[in-house]
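The values are calculated or read from the model by the stated rules, or taken from the named source; none is laboratory data. Since the structure is predicted, the reported quantities are computational estimates derived from the model, not experimental observations. We place every Cβ from the backbone using ideal geometry, glycine too, and count neighbours over all the protein chains shown. Note: accessible area is taken over every heavy atom of the protein model, side chains too, but ligands, DNA and RNA are not part of it. Shrake-Rupley method; radii C 1.70, N 1.55, O 1.52, S 1.80 Å.
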Amino acid sequence: MKFYTRRESLVLGGAAVAALTLPGVAAFAKSEDAQATMAKFTGGKTASEGKIELKMPEIAENGNTVPLTISVDSPMTKDDYVKRVIVISEGNPRPEVATFNFTPRSGIAEASTRMRLAKTQNVVAVAEMSDGSFRMVKRQVKVTIGGCGG
Amino acid sequence: MKGSFKLGLLVTIAAGSTIMMGVANSQDSLPAGVTSIKVATPYKGSPLDEIISGWHFRASETQSLQQDDFDNPGYLWVDKGESLWNTVDGEAGKSCASCHNEAAKSMKGVGAEMPKWDAKLKRPLTMEQRINSCRTNNMKAKAWKWEADQMLSMTAFVRNQSRGMPVNVQVDGPMKAWAEKGKEVYYTRVGQLDMSCANCHEANYGKHIRADHLSQGQSNGFPTYRLKWQKLGSLHRRFKGCMKNIRAVPYKRGSDEFVAMEIYLAHRGKGLQVETPAVRN
Amino acid sequence: MAGKPKPRVKAPKTASKGEVVNIKTLISHKMETGLRKNKKTGEKIPRNIINKFVAKFDGEEVFSVDIDPAISANPYFQFSMKAEKSGEFEFAWISDNGDTYSKKSKLTVK
């Protein structure tokens, strides 16, 4: 057993925080949940990147209400449209956030809402197209901790 | 990083931090319903060089919630207040509208001048106290609790009728002693952290307290939809929160101390436009 | 928000044929996640959220959302519809406890 001085434990504390934010270390379990949710949504198919946008602030002032807009590049005709878009969180207690169900009558595949973010994390959006293909986008949102007790 | 570990307190003010992290501060954008968020030339004797609304200190995504009245969730309460205004309640069989008719006319400007002296009771009344005085005396209805949904809705609705009008609360005559008492509360250090309102909101506004951006603690947007609360809340609720943060035993909502503080704080923000319902983090 | 949840809707009253119109909706609701505990008793507060939002036009679904507890209190949705004919929007919010809240809005296409 090794005893740390207060200064050393502070350094260690910092290292632990850094480790948490590294992909594949402590955050892995959550990211795995998110991947399982995504796999369930796509039926195991691979989602391509591009032609889908997820608009969120880089830094959220308060994790209780973070605005989010998803938009998918699609003509939205009867033959070629976006069926649904799932939003998945990698750092919340549960990965599911919401699923937007579009129809050709939607005109454009774009929707906005406000979501809760428990901490700094990646948010993923996956779109299912009418031809059975999938598209995805991922972005990181930093959640700040308020000065006055959060 | 190092600073934030200091004593494990939440109050470390980031040294020299004037970086506007995620803060828009765009001079061309304004909250809905107001024409300015600043008073460049404060009243004589103001401790502030410039009086600035809390809107200025918020991140752009929080600001955007107050730039469109539909996007502003505080309007859920304003709407409800409007329907309560027209709802008969109490043994007298009256609604607010029975006496005050159209709020858009009768309540215009009222919210900008509260708290106001009540000659009969010989004391100032906040909006909440004035509403309950009306309810119990004139409507013969039950008083609402300070933080009750109906009270928040009604205060938001009434104050919203003064949106865009400058805050101008009386601090002379019979109100003088109350304003002075409020000033004393404002500058008195309390709690385990031994802090006064002024330590954060006068001496350090514009700086960061951890990741939070300190405002001047102005009251022109109350009742306010706070993202932290995920609902509308009263000014006295905010006072309580601040006092808890400095590890002090908070005064009660509606206490003379808080009423005095409300008067003094309104005076500190003299000339700022009413923004109710504002959106803050 | 205590009391009956109250929806707000912003939808255009008129549109030209083929125009993509924008609709905004908001409803007062706490969106209780089911993960919080009562600070006094330590007991879990049961989940109660709006779990589904549906927008129909003349009875036909245009847009809907399956909602999880990660959606913020007082849920807000903004979306679009291509206006082809005059008709009526019907918006519905369904909560965990089975209550449904709804609001209608007419659209005239010129």
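Scanning the range B:202-216 for residues that are under 24 Å from B:Val167 (Cα atoms) and open to solvent by less than 20 Å² (accessible area, probe 1.4 Å) yields a total of 4. When the range A:74-94 is filtered for residues that are over 17 Å from C:Asp68 (Cα atoms) and surrounded by fewer than 23 Cβ atoms within 10 Å (Cβ to Cβ), the ones remaining, listed by number, are A:Ser74, A:Pro75, A:Met76, A:Thr77, A:Lys78, A:Asp79, A:Asp80, A:Tyr81, A:Lys83. Elements of the type strands (runs of 3 or more DSSP E) sitting completely within the range A:1-106 and holding at least 2 residues that are modelled with pLDDT of 95 or more: these cover A:52-55, A:66-72, A:82-89, A:96-102. Residues that are within 14 Å of chain B (Cβ to nearest Cβ), surrounded by fewer than 21 Cβ atoms within 10 Å (Cβ to Cβ) and either free of Cβ contacts under 8 Å to residues at least 24 places away in the same chain or under 18 Å from C:Ser80 (Cα atoms) (or both) within the range A:95-139 comprise just one, A:Ser112.
Checked against the criterion of being farther than 30 Å from B:Ser133 by Cβ, touching a Pro at 6+ places or on another chain (Cβ under 9 Å) and more than 14 Å from chain A (Cβ to nearest Cβ), the range B:51-73 has at least one qualifying residue.
Residue pairs whose Cβ atoms lie under 8 Å apart, sitting 6 or more positions apart in sequence or on different chains, and linking a residue in the range B:49-68 that is modelled with pLDDT of 90 or more to a partner that is among the aromatic types (Phe, Trp, Tyr) and outside any loop (DSSP other than H, G, I, E, B), are B:Gln63/B:Trp55; B:Leu65/B:Tyr225; B:Gln66/B:Trp55. Scanning the range C:71-99 for residues that are within 30 Å of C:Arg36 (Cα to Cα), more than 15 Å from the chain's Cα centre (by Cα) and within 14 Å of another protein chain (Cβ to nearest Cβ) yields a count of 0.
Pairs are defined by a Cβ separation below 6 Å, a sequence spacing of at least 6 or placement on different chains, a first member in the range B:242-254 that is closer than 17 Å to B:Ser215 by Cβ, and a second member that is crowded, with 18+ Cβ neighbours inside 10 Å; the pairs so defined are B:Met243/B:Pro250; B:Ile246/B:Met195.
Of all residues in the range B:160-179, those being in contact (Cβ under 8 Å) with a residue 24 or more places away in the chain, of a type in the set (D, E, K, R) and surrounded by fewer than 19 Cβ atoms within 10 Å (Cβ to Cβ) number 0.
Kindly check whether there is at least one residue in the range C:35-52 that is under 21 Å from C:Val65 (Cβ atoms) and in contact (Cβ under 8 Å) with a residue 60 or more places away in the chain. No - not one qualifying residue is present in the range C:35-52.
Scanning the range B:106-131 for residues that are farther than 24 Å from B:Glu275 by Cβ and out of contact with any Pro (no Cβ under 9 Å at 6 or more places or on another chain) gives B:Lys120, B:Leu121. Between B:Met154, B:Met175, the distinction of being in the same structural domain as B:Gly109 (by TED's automatic domain parsing) and modelled with pLDDT of 95 or more belongs to B:Met154 only.
Taking into account only those residues within the range B:224-235 that are open to solvent by less than 10 Å² (accessible area, probe 1.4 Å) and touching a Ser or Thr at 6+ places or on another chain (Cβ under 8 Å), which is nearest to the other protein chains (Cβ to nearest Cβ)? Applying the filter and picking the extreme gives B:Leu227. With respect to the conditions (1) in contact with a Cys (Cβ under 9 Å, 6 or more places away or on another chain); (2) modelled with pLDDT of 95 or more, A:Gly147 lacks only one, and its number is (2). Looking only at residues in the range B:124-159 that are free of Cβ contacts under 8 Å to residues at least 24 places away in the same chain and open to solvent by 40 Å² or more (accessible area, probe 1.4 Å), the one that is nearest to the other protein chains (Cβ to nearest Cβ) is B:Lys145.
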